[in-house]
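A quick write-up on the structure given underneath.
The values are calculated or read from the model by the stated rules, or taken from the named source; none is laboratory data. Note that this is a predicted model, so its numbers are computed, not measured. Note: ideal-geometry Cβ built from the backbone for every residue, glycine included; neighbour counts use all protein chains shown.
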């Protein structure tokens with residue numbers, strides 16, 4: 001009995017420290033949020049795109065104009081992607097998902113975005129941040 005308890009506690013400790021692969025339903029919902037925001041950007045619907053931002057983002061960019069200014073100056077591949085596809089997803093701490101997104105920017109170059117999303121009290125996944133970098137992969 002004691003050996004079983006120790007093994008269970010060890011497994012829980014290991015699992016708590018390591019990222020888990022997110023469940024299909026959570027990943028699908030998070031990807032839906034990202035895709036909806038990207039489609040809103042492509043349609044020049046800034047208000048709709050802004051609605052997918054989490055409260056932490058809205059506190060930094062409290063107006064639509066401030067948010068869109070940030071996106072227009074620093075995230076053009078996200079603002080106007082020619083194409084995008086989803087890569088790996090990881091669940092972090094049960095209420096956070098990290099989602100890799102491959103993008104072809106308006107310049108035809110490849111980019112990789114790492115989206116972080118948090119499950120909100122209303123049960124909706126909202127975007128808490130995006131890290132963007134040029135990718136070494138070739139466009140197809």
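In this structure, residue 71 does satisfy being farther than 16 Å from residue 29 by Cβ and surrounded by 15 or more Cβ atoms within 10 Å (Cβ to Cβ). Sort out which residues of segment 80-90 are more than 12 Å from residue 115 (Cα to Cα) and touching a residue at least 24 places away in the same chain (Cβ under 8 Å), and write them in order of number. Within segment 80-90, 80, 81, 82, 84 qualify. Exactly one residue among 38, 12, 48 is modelled with pLDDT under 95 and assigned to a helix (DSSP H, G or I), and that residue is 12. Do any residues in segment 64-79 that are without any contact (Cβ under 8 Å) to a residue 24 or more places away in the chain have Cβ atoms under 7 Å from those of residues that are assigned to a helix (DSSP H, G or I) and surrounded by 13 or more Cβ atoms within 10 Å (Cβ to Cβ), where the two are at least six apart or on different chains, and which pairs are they? Every condition considered, the pairs that remain are 64/46; 64/50; 67/50; 68/46; 72/79.
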